[in-house]
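**Student:** Attaching a single structure in structure tokens format; questions to follow.
What follows is calculated from the coordinates using simple rules that are stated; it is not laboratory data. Model, not experiment: these values are computed from the prediction. Here the Cβ positions follow ideal geometry from the backbone for every residue, glycine too, while neighbour counts run over all protein chains shown.
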């Protein structure tokens, strides 16, 4: 356990560099929880690149910082084409820009930066993942939603009750990209339903 904590501490300078950008859209909650999900997936898929995936999930949404909060909710989280909205593309581009600055300032190689940015640029808007690293980051980005915290936060974004949002997640869990991700989503959502008494309310 100590070795793993020491290994993850390598990312602390990037966390510190990006902390100012994490106030938007509850990213100070979403990103750490998604990072933890990514570590679980990386343990299950050791052939993936831990540095690339960890950096990509840490940086993937910091670009929301550059976008007006009302636009985030009204344009990025509503409507049938919300994943193709202008603000979705903009937050990906801004995440690449801000993330590149943070990675360069904290000493990551150009090769790693390029691989991280290739995942971030399209993590919401690209229809299909390109490789295992991409699949892991996409799953980690979604898995936090299935937790009690994820349901509590995201149900407000979508203007739904916790019960209604959990029902929505039930339909989405089988669309995750990895077998382990789908299993974790199923297990986590079942526990969330129990904790929030969704069989009653």
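**Student:** Full-extension gain between residue 168 and residue 110, please, as 0.36 nm times their residue separation minus the C-alpha to C-alpha distance.
**Tutor:** 16.9 nm
**Student:** Can you give the angle from 0 to 90° between the axis of helix 148-157 and the longest principal axis of the chain, with both taken from C-alpha atoms, to the nearest 10?
**Tutor:** Result, in degrees: 80.
**Student:** Still on this structure: From the alpha carbon gyration tensor of the chain, can you work out the equivalent ellipsoid semi-axes (sqrt of 5 times each eigenvalue) and give them in Å, largest to smallest?
**Tutor:** Computed over the chain, the values are 26, 20, 15 Å.
**Student:** So what's the angle, to the nearest 10 degrees on a 0 to 90 scale, between helix 27-44 and the longest Cα principal axis of the chain?
**Tutor:** 80 degrees
**Student:** I would also like to ask the following. I'd like the FRET efficiency for residue 200 and residue 23, computed as 1/(1 + (r/R0)^6) with the beta carbon distance as r and R0 of 41 Å, rounded to 0.05.
**Tutor:** Efficiency, rounded to the nearest 0.05: 0.75.
**Student:** Related question: What is the calculated FRET efficiency for residue 126 to residue 10, with r their C-beta to C-beta distance and R₀ = 45 Å, to the nearest 0.05?
**Tutor:** Computed FRET efficiency for residue 126 and residue 10: 0.95.
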